[in-house]
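The structure under discussion appears below in the form of structure tokens.
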Amino acid sequence: MSKFIDIEIVIDTVTLLSTYPNPSKNANAPTGIAHNFSYMIAQSAFVRSGQATGDLNINALVNDTIRWRSLSLSGNSDQSVVLYDIRQFSGTQVTGTITAIESNPYEPKPTLVDGKNTNPPTFTTVTDLDYYLQTTVINHGTENYQVYFYVTQPNPSTGQPQLVGYFYWDPTITVA
């Protein structure tokens, strides 16, 4: 039976930008980064190795669906991380076409009383889109892929988001 494999990618943008202060502004030529700025998390049942590191290697089966989401350590409230591509660069091509998905699911909204979350939540439509990249596993083998993302932060004068730079690094997928 096909499964959904959700991968959450958290980027330490503060440390990343202090290490790479002049990143590429070209999406077609992003700055390659070391693996110690990213933390990838998946359900334990799918993890081959590298849980909560930039070197997550997952196990999947043909017809499984993989979904990648991203955020900064601030939860995208200050600096934000947005995935824009995932590409195979070596090994066997095990993933199909990568598609960007946007949805507006319901999510719990805490009910605060006197600054405490003590009541049952209400549910509301997410105001920020649930955005992720998705693919279907189509072949057996091991694929090394590159995760492409950009970082934004508020413009100090206007508060509007502005592009800081484009980046990438390379984890692995293994298909039994």
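Treating each Cα of the chain as an identical point scatterer and ignoring solvent, apply the Debye formula and state log10 I(q)/I(0) at q = 0.10, 0.12, 0.15 Å⁻¹. Log10 I(q)/I(0), no solvent term: -0.44, -0.62, -0.92. Region 127-176 and region 57-85 have Cα centres spaced 6 Å apart.
Based on C-alpha pairs under 8 angstrom that are at least 6 apart in sequence, region 1-106 has a relative contact order of 31 percent.
Taking the Cα centre of the chain as origin and assigning +1 to Lys and Arg Cβ atoms and -1 to Asp and Glu Cβ atoms, the resulting dipole is close to 100 debye. Over the chain, accessible surface divided per residue gives 54 Å², non-protein components excluded, 1.4 Å probe.
The values are calculated or read from the model by the stated rules, or taken from the named source; none is laboratory data. Small disclaimer: the values here were computed from a predicted structure and weren't measured. We place every Cβ from the backbone using ideal geometry, glycine too, and count neighbours over all the protein chains shown. Ligands, DNA and RNA are excluded from the accessible area calculation, which covers all protein heavy atoms including side chains. Shrake-Rupley method; radii C 1.70, N 1.55, O 1.52, S 1.80 Å.
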